[in-house]
Amino acid sequence: MDFRELVYITVVADCKSVTAAAKKMYISQPSLSQIISKVENDLGIKLFDRTAYPITLTYAGEKYVDTARKILMMKDNLRRELTDIGNGVRGKITVGIPVERAGYMLPETLKEFRRVYPGVEIRTQEAKASVLLESLQKGETNLVVIPKNEDGLGPELQEELIYREELLFVAGPGVVTPDMLTEDGRYIRMERVTDLPFIILKKGHSIRRAVDRLFRDCGATPNVIMETTSTINAVQLANSGYGVTIVPARAVEIFGGREKFNCYPLGEGYAWDVNVIYLKESYLDGAERYFIEVMKKLFAHRR
């Protein structure tokens, strides 16, 4: 058993296809099949059920892959720690982050990070939160930056708070009337706006789960006229008067701030924690630790 075999088997397990795994690792499908057969022959047990489509792991295969991931993580941790000992001047960090949040947070972060670690390459994986967490658990990313998942994280994951971000109600001019606000005029009363035409994000996005929870809390069903994949689109459409929407504060900040829009807070409790998440057992080298600290420094004052 060697590290290369561990990698090959885990990638096949992730892809659920020898052909797809071979393509991903730039080797021929017959060569990969031979490697799998060799490992199975050496162990005297089948790791994959090839009668199923897509192929699945046997019970022994599940045990193999689970242990292989731990071994590969230990190897990677050792490499990182030794690199750190050598001053950590070179390396690579893969950061998972939703597309629009990347545009909001990374420009400032990377400018400051590069000043201290010019030799460390930052790669990004941009996707919705559920995909990023899966990628993190597979070891494909080092850090994931997303709003807190209200369902909680698995015991293998660790989170650190970057900043707390408000959720805002955005509408066109003249849409919000005084009776829709609290007595002090500061906040939207959700129970008074449920009949308005809502633009919401599609399922799978963190903000969609937050909005669904808001409506459940007030016992109402939103009047949805449009679903989109972009909070930026939602803000622009709402500002035009097409409908109303609920978005995180950063979706209006990138346009120059809340004073440019008809937007209203939802109340003291309606905010979420934007966190950096990583595997508890992973070793954070000096560059990764600094990347996290830069985000905290730059965004701790945001809301």
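Leaving out ligands, DNA and RNA, what percent of the accessible area of segment 89-195 is carbon and sulfur, probe 1.4 Å? Of all accessible area on segment 89-195, carbon and sulfur atoms account for 49 percent. Here the dipole of segment 173-274 is about 380 debye; that uses its Cα centre as origin and unit charges on the Cβ of Lys and Arg (positive) and Asp and Glu (negative).
Of the chymotrypsin sites (Phe, Trp or Tyr not before Pro) found in segment 232-303, the ones in coil according to DSSP and having at most 14 other Cβ atoms within 10 Å of their Cβ are Phe255. Amide H neighbours of Thr58 under 5 Å, counting only residues 5+ apart in sequence or on other chains, H built in-plane at 1.01 Å? The answer is Phe48, Asp49. For Lys46, the aspartates and glutamates whose Cα comes closer than 16 Å to its Cα, not counting residues fewer than 8 places off in the same chain, are Glu5, Glu62, Asp66. In a DSSP loop and with at most 16 other Cβ atoms within 10 Å, the chymotrypsin sites (Phe, Trp or Tyr not before Pro) in segment 1-91 are Tyr26. If you line up the long axis of helix 99-116 against the longest principal axis of the chain, both from Cα atoms, how many degrees apart are they, to the nearest 10? The angle comes out at about 70 degrees. The distance separating the Cα centre of segment 1-31 from that of segment 220-234 comes to 41 Å. Measuring max minus min along each principal axis, the C-alpha atoms of segment 13-143 give extents of 52, 35, 26 Å (largest first). For segment 248-258, backbone phi angles converted through the Karplus equation (6.51, -1.76, 1.60; θ = phi - 60°) give residue-by-residue couplings of x, 4, 5, 6, 9, 4, 5, 8, x, x, 5 Hz, Gly and Pro being listed as x. For Lys92, the lysines whose Cα comes closer than 18 Å to its Cα, not counting residues fewer than 8 places off in the same chain, are Lys75, Lys111, Lys138.
Close amide H contacts of Thr124 (hydrogens built in the peptide plane, cut-off under 5 Å, sequence separation of 5 or more or a different chain): Val95.
Exposed loop positions in the chain were taken to be GluC sites (Glu not before Pro) whose DSSP state is not H, G, I, E or B and which have at most 15 other beta-carbon atoms within 10 angstrom. Between these positions, the longest stretch is 1-139.
Which trypsin sites (Lys or Arg not before Pro) in segment 61-122 sit in a loop by DSSP (not H, G, I, E or B) and have at most 16 other Cβ atoms within 10 Å of their own Cβ?
Qualifying residues, ordered by number: Arg90.
Here the Karplus relation 6.51 cos²θ - 1.76 cosθ + 1.60, evaluated at θ = phi - 60°, turns the backbone of segment 92-98 into coupling constants of 8, 10, 9, 10, x, 7, x Hz, with x for every Gly and Pro. Accessible area per residue for the chain is 52 Å², calculated with a 1.4 Å probe on protein heavy atoms, without ligands, DNA or RNA.
Normalised size of segment 138-260, defined as Cα radius of gyration per 2.2 N^0.38 Å with N residues, equals 1.16. Carbon-plus-sulfur accessible fraction, segment 1-86 (probe radius 1.4 Å, protein heavy atoms only): 59%.
Residues whose amide H falls under 5 Å from that of Val244, counting only those 5 or more places apart or on a different chain, are Phe198, Ile199, with hydrogens built in the peptide plane.
The values are calculated or read from the model by the stated rules, or taken from the named source; none is laboratory data. Treat the numbers as computed from the prediction; the structure is a model and nothing was measured. Neighbour counts are summed over all protein chains in view; Cβ atoms, including those assigned to glycine, are modelled from backbone coordinates with ideal geometry. When the accessible area is computed, the model is the full protein with side chains, heavy atoms only, and any ligands, DNA or RNA have been set aside. Shrake-Rupley method; radii C 1.70, N 1.55, O 1.52, S 1.80 Å.
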